[in-house]
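Since the structure comes first, as structure tokens, the remarks are kept for the end.
Here, each number is a calculation from the coordinates, and none is a lab measurement. Nothing here was measured: the structure is a model prediction, and the numbers come from that model. Cβ sites come from the backbone with ideal geometry, for glycine too, and all protein chains shown count toward neighbours.
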């Protein structure tokens, strides 16, 4: 079979693309906002948390940008409004509905990853993709945040919008990070082939620049053992993210 597409390669491996997937045109449309969020993630966290709290607790009856937000926070809310992620109603209250919540909760990171891997030279890439599979008489499906192809090689990336600050005393946060590494490894085991790489893109700061060392040594060690490339908060800078995606496409881990 000629496998010169993601769909063709997956079919050779007993899997297939389903109709659920991200809209690449929207990813391109949202690109300036996604890159802005990536370069100001700490600020975005504060704004996002306030938006979600207002939407959940007060629904349509509270302003989501109170005096507790500084001018930069208000500027970010204005950008979210410009892109339709936050909607200001006639009576003046700003709310966040389904489209905005999906994007703010982590959709932006998947879109950013797609943009970066395409800029890195992927021949083809899809994000937010559900794939079906069959092994013997067993069938199932998985949602994969990002699948990219370079020639006949695929790479898989799991995107996790976690809290930026790592607290080593927070077992739940540590477990979520470790689970993300195992999830990426499972994707490689299930759908990958030798010579292909998998990665996990997380918004947590995992590198201590002052000490020049990993903040979570066990996580990075496990990732190294499993050959999972960890792309963390410090790599969300656009140029560094593109470099990281290029290494995945070429099938090696820096």
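On a full-extension model of 0.36 nm per residue, what is the gain between residue 97 and residue 75, subtracting their alpha-carbon distance, rounded to one decimal in nm?
On the way: separation 22, 0.36 × 22 = 7.92 nm, distance 1.96 nm.
Extra length available between residue 97 and residue 75 comes to 6.0 nm.
Direction-averaged shadow area of the convex hull around the Cα atoms of segment 141-213, nm²? Don't jump to the answer; show the numbers that get you there.
Details: hull surface 25.1 nm².
Averaged projected area of segment 141-213's Cα convex hull equals 6.3 nm².
For the chain, adding -39500 (n - 2.57) for each run of n ≥ 4 DSSP H residues and dividing by the number of residues yields -13500 deg cm²/dmol at 222 nm.
What FRET efficiency, computed as 1/(1 + (r/R0)^6) with R0 = 45 Å and r the Cβ-Cβ distance, is obtained for residue 211 and residue 124, rounded to the nearest 0.05? Could the numbers behind the result be given before it?
Details: r = 40 Å, r/R0 = 0.89.
Once rounded, the FRET efficiency stands at 0.65.
Computed from Cα positions, the angle between helix 238-250 and the longest principal axis of the chain comes to roughly 20 degrees.
Given 0.36 nm per residue, what is the gain on full extension from residue 227 to residue 52 after removing their alpha carbon distance, in nm?
59.4 nm
Taking Cα atoms only, the orientation of helix 108-119 departs from the longest principal axis of the chain by about 50 degrees. Annotation: the residues 141, 196, sorted from fewest to most other C-beta atoms within 10 Å of their own C-beta, follow the order 141, 196.
Nearest 5 is fine: what % of DSSP beta bridges in the chain come out antiparallel, could you say?
Looking only at bridges with both residues in the chain, the antiparallel portion is about 70 percent.
From the convex hull of the Cα coordinates of segment 79-205, what is the mean projected area in square nanometres?
Over every viewing direction, the Cα hull of segment 79-205 projects on average to 11.2 nm².
Label positions at residue 165 and residue 240, each projected 7 Å from the Cα along the C-beta direction, are separated by 1.9 nm.
With a simple spin-label model that places each label point 7 Å from the Cα along the Cα-to-Cβ direction, the separation between residue 134 and residue 218 comes to 4.2 nm. Measure nothing fancy, just the Cα-based angle from helix 171-191's long axis to the longest principal axis of the chain, in degrees from 0 to 90, nearest 10. For 171-191 against the chain, the angle is about 40 degrees.
Put in line by how crowded their Cβ is, counting other Cβ atoms within 10 Å and starting with the fewest, 114, 108 read 108, 114.
Cβ crowding within 10 Å ranks 204, 139 as 139, 204, fewest other Cβ atoms first.
If Rh is defined by the Kirkwood formula over all Cα pairs and Rg also comes from Cα, what ratio Rg/Rh do you get for the chain?
On the way: Rg = 19.1 Å, Rh = 19.2 Å.
Ratio of gyration radius to Kirkwood radius for the chain: 0.99.
Spacing of the modelled spin labels on residue 176 and residue 88, each 7 Å from Cα toward Cβ, amounts to 3.1 nm.
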